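Here is the structure we will look at, set down as structure tokens.
What follows is calculated from the coordinates using simple rules that are stated; it is not laboratory data. A quick note: this is a predicted structure, and the numbers were derived from the prediction, not measured. Backbone-built Cβ (ideal geometry, glycine too); neighbour counts: all protein chains shown.
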Amino acid sequence: MLSLQPPSSTLPNYLQEDELPQECSDVVSSLPRETGWVAKYLHQYQGCWITTRYMKGVLAFQKHFQAHHTDILLVTTPKAGTTWLKAILFALVNRVRYRPDPLQHPLLTNNPHVLVPFLDINLYTQSQVPDLSSFAFPRLFSTHLPFALLPTSVKDSACKIVYLCRNPKDTFVSLWHFTNKLRPTAWGTNSLEEAFDKFCRGVSLYGPYWDNVLGYWKKSLEMPQKVLFLKFEEIKEHPAANLRRLAEFLECPFSLEEKAQGVEDNILRLCSFDNLSNLEVNKSGKLPAGEENNAYFRHGEVGDWMNHLTVEMIEKLDRITEEKFHGTGLRV
Ligand SMILES: Nc1ncnc2c1ncn2[C@@H]1O[C@H](COP(=O)(O)OS(=O)(=O)O)[C@@H](OP(=O)(O)O)[C@H]1O
């Protein structure tokens, strides 16, 4: 890794860390910290590793967000397939307003992260009290925060939580590629070994990975009507069945007429990796904070870890996962 760093004014917005409100700066300075994967630091806040920039959004989200009983919150571990499920949720929930048409649909001209923003990373980082009045009901939002860190109003209201996880080996490999892509060229890349060590120690964005997944797994067992637990690999294997499961959980099941019209297939085709990754907006566009949209589309397959991890790495990650999930009934 090179130590040469460009001046902060030339950094993309997603790496700008100035102007922390005093309250936030006091909290941040009291927290344990480690070097980040892209951002300078990760801070351990309530057990979860968060960048300096996002701490501002997390604190404001926790303090000010008022959930509405019809809200739908998509929660994921980073790189679990968030972009894909944001697209599916948007197309599903808005299928009457916007027919899942291959020629005309908001997903054809907008990256899914724009249509379903992160509350902490986007909305509450941009403004401490954002104006959410332009969001149509049911509102669709997202976060990577662990269950324990969600605002009280999310836990207390009848709003629904859709959780998505992915096996830790593909999650790690995807995160390693993504964070290296987001690093300014002058910083060089993080080595696989360095990133792997951090991931295994739990020091990854919104990690430890295992704590994040387990928190929602347990809640999905305790409150199946509130938390739906999905896996990337299961959606890849049985997309239509999982889309139906999602629709039923959100109390908007497909009618016989919709099934006959092929609405399910149209949604899946619209949101497929091939379709989304080949759209001009996702090939050359950028998110408001400066991330290139194409960074969210790499392979979209199961098992790419086989091309990257050593036998020792595989054994270590499998062992940690086995220990952490032992006795919980969860297999990833
Ligand atoms: N439509 C679709 N279908 C299947 N897979 C898809 C799709 N869109 C994105 N991807 C893959 O998801 C990975 C990106 O993860 P996230 O979207 O969770 O990233 S983020 O957390 O929002 O930063 C990343 O996985 P990898 O390819 O393994 O790196 C993307 O390629």
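What the table below lists for this structure:
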| quantity | calculated |
| --- | --- |
| The chain, helix-only ellipticity at 222 nm - DSSP H runs n ≥ 4, -39,500 (n - 2.57), divided by all residues, nearest 500 | -11500 deg cm²/dmol |
| Expected-Rg normalisation [2.2 N^0.38 Å, Cα atoms] applied to the range 221-332 | 1.38 |
| Total formal charge among the other residues, if their Cβ is under 11 angstrom from that of L119, Lys/Arg +1 and Asp/Glu -1 | -1 |
| Proximal charge balance of K226 [Cβ under 11 Å; K/R count +1, D/E count -1] | +1 |
| Viscosity 0.890 mPa s, 25 °C: Kirkwood-radius Stokes-Einstein D of the chain over Cα pairs, µm²/s | 119 |
| Efficiency of FRET from Cβ geometry, E193 and D131, R₀ 45 Å, rounded to 0.05 | 0.50 |
| Ranked by how many other beta carbons lie within 10 Å on average, peptides 217-224, 31-38 from highest | 31-38, 217-224 |
| Highest to lowest packing among 257-263, 150-156, scored as the average C-beta count within 10 Å | 150-156, 257-263 |
| The range 120-197: translational diffusion in µm²/s, Stokes-Einstein, Kirkwood Rh over Cα pairs, 37 °C, 0.692 mPa s | 206 |
| Under 18 Å from the Cα of K236 - aspartates and glutamates, other chains or at least 8 residues apart | D170, E264, D265, D274, E301, D304 |
| √(5λ) per eigenvalue of the Cα gyration tensor, the range 1-141, largest first, Å | 31, 19, 14 |
| Exceeding the 23 Å Cα-Cα cut-off - candidates K79/K283; K169/K324; K181/K324; K226/K316 | K181/K324; K226/K316 |
| Surrounding net charge for F147, when Lys and Arg each add one and Asp and Glu each subtract one, Cβ distance under 15 Å | +1 |
